[in-house]
1. What FRET efficiency comes out for Glu385 versus Thr217 if R0 is 35 angstrom and r is the Cβ-Cβ distance? Round to the nearest 0.05.
2. With a ≥ b ≥ c the root eigenvalues of the C-alpha gyration tensor of the chain, is it rounded (a/c under 1.5), prolate (a/b larger than b/c) or oblate?
3. For a quick check: with amide H placed at 1.01 Å from N, whose amide H comes under 5 Å from Gly295's, ignoring anything fewer than 5 positions away on the same chain?
4. Rounding to the nearest 20 debye, state how big the charge dipole of the chain is about its Cα centre with +1 on each Lys and Arg Cβ and -1 on each Asp and Glu Cβ.
5. Which trypsin sites (Lys or Arg not before Pro) from the range 28-128 combine a DSSP loop assignment with at most 13 other Cβ atoms within 10 Å?
6. How many percent of DSSP beta bridges within the chain run antiparallel, rounded to 5?
7. Please go through the range 156-211 and write out the chymotrypsin sites (Phe, Trp or Tyr not before Pro) that DSSP classes as loop and that have at most 13 other C-beta atoms within 10 Å.
8. Of the trypsin sites (Lys or Arg not before Pro) in the range 169-253, which ones lie in a loop per DSSP and count no more than 14 other C-beta atoms within 10 Å?
Amino acid sequence: MIPAEWTRPEHVVETLRRKWTSGRYLTAAASGHPFEPIGVPLQGPTATDALHHYEQALAWAQCWAPDRNPYLRIQTKSIGGRNGLPSHTVPARAWVDTRPALWTLLGVTAHVDRFHTLHGQTARQDPAIAQWMADHPMKFLAHSADWRRLVRTACWIRDHDTEAVYLREIDTPGVDTKFIEANKGILAELLDCVLPECRVNTSAPKSDLVARYGFRTKPIYIRLRYLGASPLPFSEVTVRAEELANWSPGVRTVFVLENEITYLSLPPVPNAIAILGSGYAAALLRHLPWLDDVGLCYWGDIDTHGFAILDQVRGRFLHTTSLLMDRATLLAHESHWGEEKTQARGGLTHLTLEEAHLDQDLRTGAYRPHLRLEQERIAITAVREALARHRE
């Protein structure tokens, strides 16, 4: 049995494979660098080992015979010959002298051939992508099956004004949105090297191709419901924010709510509409400049997230009031209290003094840790009374 610490041929292959995995061999080949023979030192028996464990030392030396290692050149050295120990010639270093020998030894010839074929094709389509291939050959190999489609996609984006199209409109053979979503990581790497800096929004993550590369974004829709008489043939509509920005619904008051069933069940209010915020009220309302000229009332859950949204809305529309987000409402509905799993960030600057005190009490657990009162748990009688007070 050969001792484990003595280097065997498979150990040399493992060493070379680790370097292959780093990509250095393919990068050098793609860059046209001349091949430099690779030497791997061998740890074998000492003269004493050869004297006392001759059969094992002989078996080790024989495993390095040239006919067993046709793709390696074995360099030898002499051991012993002093202090009465016999002299022996043993393998000292294994050399790989050519790239073809290296590829065959590692069993990667097919991968290398595919790399060179696609590298040449890619260089004709976009030299920057070909350079990326040379710099990241192992990433290429991981995506080699889809490489032609990936390059076609990157080149299509390179050649088109992305501001005018949705991601869905990329039109190249074999490519659809499912393919793009499944390969957005590698596509982002290719696009970063293909596109000029002015077309890459580096503040957007690579996982968000739309934001990072300036594709047309999905429209923002705003859902609103008339609480009084409607000038339209509909009591409720969903409109693109960009279109609603230039059209006033002709009311004096706007209520913004986060919960859909509460939005739907609001009692009648003359000259008023309700807007469904669904947790994004601040992002939605900033598109509607005519809100500066109406009474704006926000109603959210009594929890830290509800006050954070109120703070954001009031940061844009300073005249915003709140509805049923007060201490009296909270204490009157103790039997309906729930728990807020995670609290919103603090440092809110647009709350009234009373709102800020209640928000602080929620954060510190003055009544109960992580306390919340969801708006849909508030009695409808309390809602009607609050709306009546608001009208007055």
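1. Given R0 = 35 Å and the Cβ-Cβ separation, E is 0.25.
2. Prolate, since a/c reaches 1.5 and a/b exceeds b/c.
3. Thr253, Val254
4. 1240 debye
5. Those satisfying the criteria are Arg82.
6. Of the beta bridges lying entirely in the chain, close to 65 percent run antiparallel.
7. Tyr166
8. Passing both the DSSP loop test and the Cβ count: Arg252.
Readers should treat all values here as calculations from the given coordinates under stated rules, not as data from a laboratory. All values derive from a computational prediction rather than experimental measurement. Virtual Cβ from ideal backbone geometry, glycine too; neighbours counted across all protein chains shown.
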